[in-house]
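One structure is given here, and the rest of the page talks about it.
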Amino acid sequence: MSNKINEVSTAFFTQRAKDVNRKEVYHFDEEKGHSITYFPIFSKSKKDKLIIELIETIQYCKDNNIDYLKDDADMEQYLGYLIIKHFTSLYDTLSKWSVEDNIAYLKGLYDSGDFELFFDEIFTSEEVTKVFDQLRKTNEIANVYKKELDKQKQLIESNVKNNKLKEKALNQLPN
């Protein structure tokens with residue numbers, strides 16, 4: 001085993017960034033020319049955008065009384081849909097659609113069997129797992145933050161006697 005150290009240069013990291021943003025083509029039907037481009041490696045920034053969209057969609061469904069994303073099965077299915085959306089050439093079209101239209105499209109993909117095709121033949125389980133892991137980590141951080149915020153609110157409630165001051169302090173905290 002060699003003790004030689006190969007220092008990396010900026011070119012090393014530039015190449016890694018290019019690799020993450022490289023697209024490949026999946027052919028549904030080569031004779032008819034039906035294909036889709038996709039990212040075989042999921043970039044961190046795209047995963048961040050996906051998680052933000054999931055959070056915003058959950059809130060939108062709550063605010064607009066849409067009976068979706070209320071249980072784990074719906075969440076997992078919609079997260080899968082967002083993977084398809086964010087890591088394929090479908091993004092340019094689907095990103096312009098309403099939440100309702102995206103949900104309807106997801107249901108069509110699911111009913112046709114094409115939903116599973118993305119996860120059986122196009123995306124690797126390793127990359128898909130990374131999205132679920134990042135979402136789990138995001139939830140853990142959010143829970144820690146929420147607990148700390150709740151502690152701060154309790155401290156203010158129990159230690160500040162002046163109601164105007166208490167109200168002002170509580171209003172300074174994020175909701």
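The values are calculated or read from the model by the stated rules, or taken from the named source; none is laboratory data. Treat the numbers as computed from the prediction; the structure is a model and nothing was measured. For neighbour counting, all protein chains shown are included, and Cβ atoms are generated from backbone atoms with ideal geometry for every residue, glycine included. When the accessible area is computed, the model is the full protein with side chains, heavy atoms only, and any ligands, DNA or RNA have been set aside. Shrake-Rupley method; radii C 1.70, N 1.55, O 1.52, S 1.80 Å.
Kirkwood hydrodynamic radius, computed over distinct alpha-carbon pairs, for region 94-175: how many Å, to one decimal?
This gives a value of 17.0 Å.
Kirkwood Rh, Cα Rg: Rg to Rh for region 81-137? Mind showing how you got there, number by number?
Details: Rg = 11.9 Å, Rh = 12.1 Å.
My calculation of the ratio gives 0.98.
Taking 7 Å along the Cα-to-C-beta vector as the label spot, tell me the residue 59-residue 155 distance in nanometres, rounded to one decimal.
2.6
What does the extension gain come out to for residue 164 and residue 8, with contour length at 0.36 nm per residue minus their alpha carbon separation?
50.4 nm
Run the reach check for residue 49 against lysines, Cα to Cα strictly under 24 Å, same-chain hits fewer than 8 apart removed. What comes back?
Excluding near neighbours in sequence, the set is 18, 23, 62, 70, 85, 96, 107, 130, 137, 146.
Before rounding to the nearest 500, sum -39500 (n - 2.57) across all DSSP H runs of length at least 4 in the chain and divide by the residue total; then give [θ] at 222 nm in deg cm²/dmol.
That calculation yields -21000 deg cm²/dmol at 222 nm.
For the chain, what % of the accessible area comes from carbon and sulfur atoms, probe 1.4 Å?
Carbon-and-sulfur percentage of accessible area, whole number: 51.
GNM on the chain, C-alpha springs below 10 Å: top fluctuator among 154, 134, 15?
The residue with the greatest mean-square fluctuation here is 154.
Treating the angle as unsigned and between 0 and 90°, give the value, to the nearest 10°, between the Cα long axis of helix 44-63 and the longest Cα principal axis of the chain.
60
What translational diffusion coefficient, to the nearest whole µm²/s, does region 133-175 have by Stokes-Einstein, given a Kirkwood radius computed over alpha-carbon pairs, a temperature of 37 °C and 0.692 mPa s viscosity?
The diffusion coefficient I find is 285 µm²/s.
Along region 3-13, what does the Karplus equation 6.51 cos²θ - 1.76 cosθ + 1.60 (θ = phi - 60°) give for ³J(HN,Hα), rounded to whole Hz, x for Gly and Pro?
Ordered by residue, 3J(HN,Hα) equals 8, 5, 9, 9, 5, 8, 10, 4, 4, 4, 6 Hz.
Step through the residues of region 29-36 one at a time and calculate ³J(HN,Hα) from phi using the Karplus curve (6.51 cos²θ - 1.76 cosθ + 1.60, θ = phi - 60°), rounding each to whole Hz and writing x for Gly and Pro.
With coefficients 6.51, -1.76 and 1.60, one gets 8, 5, 4, 8, x, 7, 8, 9 Hz.
Specify the angular offset, from 0 to 90 degrees and rounded to the nearest 10, of the alpha carbon long axis of helix 99-112 from the longest principal axis of the alpha carbons in the chain.
The helix 99-112 is inclined about 40 degrees to the chain.
Roughly how much of residue 22 is accessible, in Å² to the nearest 10, using a 1.4 Å probe?
It works out to around 90 Å².
Write out the chymotrypsin sites (Phe, Trp or Tyr not before Pro) in region 40-111 meeting two conditions: DSSP loop, and at most 16 other Cβ atoms within 10 Å of their Cβ.
Values: sites: 42, 60, 68, 78, 81, 87, 91, 97, 105, 110; in loops: 42, 68, 87, 97.
Passing sites in region 40-111 are 97.
For region 1-56, take the convex hull of the Cα atoms, compute a quarter of its surface area, and give me that in nm², please.
Mean orientational projected area (region 1-56, Cα hull): 7.8 nm².
Give me the 1.4 Å probe accessible area per residue for region 1-145, excluding ligands and nucleic acids, in Å².
Roughly 67 Å² per residue, with all protein chains present.
Counting only GluC sites (Glu not before Pro) that are in a DSSP loop and have at most 13 other C-beta atoms within 10 Å, tell me the longest site-free stretch of the chain.
The longest such stretch corresponds to 32-175.
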